[in-house]
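Since the structure comes first, as structure tokens, the remarks are kept for the end.
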Amino acid sequence: MTVSRYSFDLDLTGTLADAADAITTSRFRALDLDVDSKPDRTPVTDADTAVEDAVRELLARHRPDDAIAGEERGGSVAAPGRVWVIDPIDGTKNFLRGTPVWATLLALVENGTPVAGMISAPLLGRRWWAAAGEGAWMRDTEGARPISVSRVAALSDATVSTTDLGSWVVHHDRGAYLDLVDATWESRAFGDFWQHCLVAEGALDIAVEPVVNPWDVAPVRVLVEQAGGRFTDLGGNPGIEGGSALSTNAQLHDAALELLRR
């Protein structure tokens, strides 16, 4: 693996992810799991807050001069300098229902741009990571290996994935998404982090979400880009604060955007 200026930060994300996995796996399907609703009606469990608190404690010890922004405890992703961004459980609805598709998302953002990130999905037995200058990597039961996006060059040969189809009605034009589906070979709804990781692996060609928060996509952007892909919001902007997300193998990005903008 190439050593970059972010190698030590990426090593730290592994330590953070290990701590998170220990908490989430112990609380998954727990009979006494405590569940509340946030103002936007999304669920939050005691595991979410426990993970964020544990990660914040480790960061305070190892990176005391860096800022922190997390889904549950707040903070500004747009703060100048170095900001660690935490999504303690991406896929909380899956987590509380006993579906094993969820992950902890961790990223280091430098002056608004994600430069290192890790996505750890312990019940899937997978972990993905990337850093500027180090490429994109994943580890599963077969060990660690570099990953890269697909070479599919035509929408008619592509596979696309989204999250809940109903969210398109509220946040964007569902008809535009269905136009993209009609233009592709296959469509799926893996949702959340996993579909973007599958784009980075080359197993999917397009992943699109009509509504996201910065902590949902901070590690996604660096992972997809280091795998040779492209990440923007649905307006074509590459930042992580646009409120939507489109990951592709780069070759299909402009064609997908053209349909989604209709």
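The values are calculated or read from the model by the stated rules, or taken from the named source; none is laboratory data. Everything numeric in this text was worked out from a predicted model, so none of it was measured. Every residue, glycine among them, receives a Cβ derived from its backbone with ideal geometry; neighbour counts consider all protein chains shown.
Do you know which residues across the range 59-103 are surrounded by fewer than 20 Cβ atoms within 10 Å (Cβ to Cβ) and among the charged types (D, E, K, R)? If the condition is that a residue be surrounded by fewer than 20 Cβ atoms within 10 Å (Cβ to Cβ) and among the charged types (D, E, K, R), then Arg61, Arg63, Asp65, Asp66, Glu72, Arg73, Arg82, Lys93, Arg97 are the ones that fit. A count restricted to the range 184-220 and to residues that are at pLDDT 95 or above and in a helix (DSSP H, G or I) stands at 16. Checked against (1) at pLDDT below 95; (2) part of a helix (DSSP H, G or I), Leu223 passes all but a single condition, namely (1). Could you check, for the range 33-53, whether at least one of its residues is surrounded by fewer than 12 Cβ atoms within 10 Å (Cβ to Cβ), small (Gly, Ala, Ser) and not in a strand (DSSP E or B)? Looking for residues that are surrounded by fewer than 12 Cβ atoms within 10 Å (Cβ to Cβ), small (Gly, Ala, Ser) and not in a strand (DSSP E or B), one finds none in the range 33-53, hence no.
If you take the residues of the range 145-170 that are out of contact with any strand residue (DSSP E or B) (no Cβ under 6 Å at 6 or more places or on another chain) and outside any loop (DSSP other than H, G, I, E, B), which of them is farthest from Val208 (Cα to Cα)? Ranking the qualifying residues of the range 145-170, first place goes to Arg145.
Matching residues to (1) touching an Asp or Glu at 6+ places or on another chain (Cβ under 6 Å); (2) in the same structural domain as Asp66 (by TED's automatic domain parsing); (3) at pLDDT below 95:
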| position | (1), (2), (3) |
| --- | --- |
| Ile119 | no, yes, no |
| Pro122 | yes, yes, no |
| Trp129 | no, yes, no |
| Arg139 | no, yes, no |
| Val160 | no, no, no |
| Asp164 | no, no, yes |
| Asp173 | no, no, yes |
| Tyr177 | no, no, yes |
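Here Trp129 fulfils each of the conditions (1) within 18 Å of the chain's Cα centre (by Cα); (2) part of a loop (DSSP other than H, G, I, E, B); (3) farther than 25 Å from Ser37 by Cα apart from (2). Taking the criterion of being small (Gly, Ala, Ser) and either within 19 Å of the chain's Cα centre (by Cα) or modelled with pLDDT under 95 (or both), the residues of the range 1-25 that qualify are Ser4, Ser7, Gly14, Ala17, Ala19, Ala20.
The conditions of being hydrophobic (A, V, I, L, M, F, W, C) and under 30 Å from Val83 (Cα atoms) are not met by Val169.
Pairs needed: first member in the range 214-225, within 9 Å of Ser247 (Cβ to Cβ); second member anywhere, surrounded by fewer than 24 Cβ atoms within 10 Å (Cβ to Cβ) and of a type outside the set (S, T, N, Q); C-beta distance under 8 Å; at least 6 residues apart or different chains. Hits for this filter: Arg221/Pro238; Val224/Arg230.
Residue by residue, here is whether (1) surrounded by 15 or more Cβ atoms within 10 Å (Cβ to Cβ); (2) under 26 Å from Ala256 (Cβ atoms); (3) touching a residue at least 24 places away in the same chain (Cβ under 8 Å); (4) in contact with a Pro (Cβ under 8 Å, 6 or more places away or on another chain) holds:
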| site | (1), (2), (3), (4) |
| --- | --- |
| Ile147 | yes, yes, yes, no |
| Val152 | yes, yes, yes, no |
| Asp157 | no, yes, yes, no |
| Ser161 | yes, yes, yes, no |
| Trp168 | yes, yes, yes, yes |
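Residue count for the range 171-194, restricted to those that are in contact with a Gly (Cβ under 8 Å, 6 or more places away or on another chain) and either of a type in the set (Gly, Ala, Ser) or over 26 Å from Asn213 (Cβ atoms) (or both): 1. Within the range 185-236, the set of residues being surrounded by fewer than 24 Cβ atoms within 10 Å (Cβ to Cβ) and farther than 25 Å from Ala69 by Cα comprises Trp185, Glu186, Ser187, Arg188, Ala189, Phe190, Leu198, Glu201, Gly202, Ala203, Gly228.
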